[in-house]
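Everything below concerns the one structure shown next.
The values are calculated or read from the model by the stated rules, or taken from the named source; none is laboratory data. Bear in mind the structure is a predicted one, so any value in this text is a computation, not a measurement. As a convention, Cβ positions derive from the backbone with ideal geometry for all residues, glycine included, and neighbour counts pool all protein chains shown. We work out accessible area using only protein heavy atoms, side chains counted, and drop any ligands, DNA or RNA first. Shrake-Rupley method; radii C 1.70, N 1.55, O 1.52, S 1.80 Å.
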Amino acid sequence: MTSTSRKAYGVKGTPYAFLLPATILFALFFALPIGYAIYLSFRKVKVSGLGLGSGARKEVWAGLENYTDALADSELVAGALRVLGYGCIVVPVMLGLALLFALMLDSEKVRLAPFTRLAIFLPYAIPGVVAALLWGFLYLPDVSPFYFVLERLGLPQPDLLDGGPLYLALSNIAVWGGTGFNMIVIYTSLQAIPAEVYEAARLDGATPLQIALKIKIPMVAPSLVLTFFFSIIATLQVFSEPTTLKPLTNSVSTTWSPLMKVYQDAFGKGDIYAAAAQATIIALVTLLLSFGFLRAANRRNKQEAAR
């Protein structure tokens with residue numbers, strides 16, 4: 001190999017050298033655990049006799065048994081339905097508020113925009129467990145200042161940690177923590193719109209409301225798709241909020257959400273094989289929903305571009 005070819009080979013191999021550390025970390029901490037979880041989902045423990053002594057418990061091939069058991073598990077299905085109801089509240093409210101705040105901050109008449117933007121975004125910087133614990137104590141009648149004020153005013157004091165209001169309590173935590181991040185994404189897209197577009201609309205007699213509805217919202221549609229995509233994934237993987245509130249109320253069971261069911265089976269019952277199958281199913285559902293939504297969004301964008 002000549003010196004020229006060595007130099008050319010070295011230049012071509014430079015990008016791969018920079019990618020190597022990230023590739024190794026991805027393989028060790030992401031791809032390998034996923035592959036191992038899928039492997040465990042096809043295994044089970046076979047117990048011989050009373051299960052005592054060496055060789056009495058042996059790991060064997062289970063095929064699709066863990067998957068069929070998971071799909072027939074009423075607790076897992078009930079948890080999925082609860083998360084569906086939770087998501088129907090969280091996603092539209094959170095994205096609606098994020099879009100509203102972004103449009104308000106993008107207005108020319110807004111004051112103290114940097115401070116307001118930081119104030120809205122700040123809850124996102126608080127860890128989810130801390131936020132859930134904070135709101136959990138605000139929901140408790142014995143320690144919440146809100147209940148004290150309601151009592152003094154003689155107003156009803158609803159129990160937000162019991163029954164139907166529990167969905168609103170959990171949704172409030174997610175909306176409070178996630179609105180700021182989505183708002184920043186949408187606001188950044190609004191800032192990228194050329195000022196000439198607004199000037200042309202004003203010359204045509206468009207009002208600020210018409211500019212927002214007819215220009216701003218359609219032009220930030222890709223950001224709305226992105227934030228909706230992230231919100232769906234976060235909703236399907238809800239875990240920290242109900243887990244943190246569980247010690248404060250009996251309305252949150254150990255299997256309230258699908259991920260809580262996975263955690264309970266893996267570390268409560270010690271059945272990591274069933275938990276691996278359930279986790280794989282949740283991952284597949286998330287992947288299919290995400291892929292289907294993105295494909296539908298791309299198809300709609302192509303249709304609009306063709307017009």
Could you size up the charge dipole of the chain around its Cα centre, putting +1 on the beta carbon of Lys and Arg and -1 on that of Asp and Glu, and report it in debye to the nearest 20? 1140 debye
What helices does the chain have that are whole DSSP H segments, at least 27 Å long along their own axis by Cα, and with mean Kyte-Doolittle hydropathy of -1.0 or more? 3-26, 74-105, 165-191, 272-306
Would you mind checking which residues have amide H under 5 Å from LYS46's amide H? H placed 1.01 Å from N; only 5 or more apart, or other chain. LYS58, GLU59, VAL60
What does the extension gain come out to for LEU71 and GLU196, with contour length at 0.36 nm per residue minus their alpha carbon separation? 39.5 nm
Of SER253, SER74, ordered by accessible area with the largest first and a 1.4 Å probe, the sequence is SER74, SER253
Rounded if a/c is under 1.5, else prolate if a/b beats b/c, else oblate: with a ≥ b ≥ c from the C-alpha gyration tensor eigenvalues square-rooted, which is the chain? oblate
Rounded, prolate or oblate: which fits the stretch 178-223 when a ≥ b ≥ c are the square roots of the eigenvalues of the alpha-carbon gyration tensor, with rounded for a/c under 1.5 and prolate only if a/b beats b/c? prolate
Cα-Cα over 22 Å: which of LYS109/LYS214; LYS58/LYS269; LYS58/LYS261? LYS58/LYS261
Computed [θ] at 222 nm, helices only, for the chain once each DSSP H run of length n ≥ 4 contributes -39500 (n - 2.57): -22500 deg cm²/dmol
For the stretch 73-129, which whole percent of the accessible surface, found with a 1.4 angstrom probe, sits on carbon and sulfur atoms? 74 percent
In Å², and per residue, what accessible area does the chain have when probed at 1.4 Å with the other protein chains present? 63 Å²
Can you give me the solvent accessible area of LYS269 with a 1.4 Å probe, rounded to the nearest 10 Å²? 130 Å²
If R0 is 30 Å, what FRET efficiency do you get for PHE18 and GLU59 from their C-beta distance, rounded to 0.05? 0.15
Where only C-alpha atoms are counted, convex hull volume of the stretch 247-299 per residue in Å³: 81 Å³
Got a number for carbon plus sulfur as a percent of the stretch 166-307's accessible area, 1.4 Å probe? 64 percent
Testing the spin-label approximation: label points 7 Å from Cα along Cα→Cβ at THR254 and LEU288. State their distance in nm. 2.9 nm
Looking at LEU138, LEU150, PHE26, which one has the Cα that reaches farthest to the positive end of the dipole of the chain (charges on Cβ: Lys, Arg +1; Asp, Glu -1)? PHE26
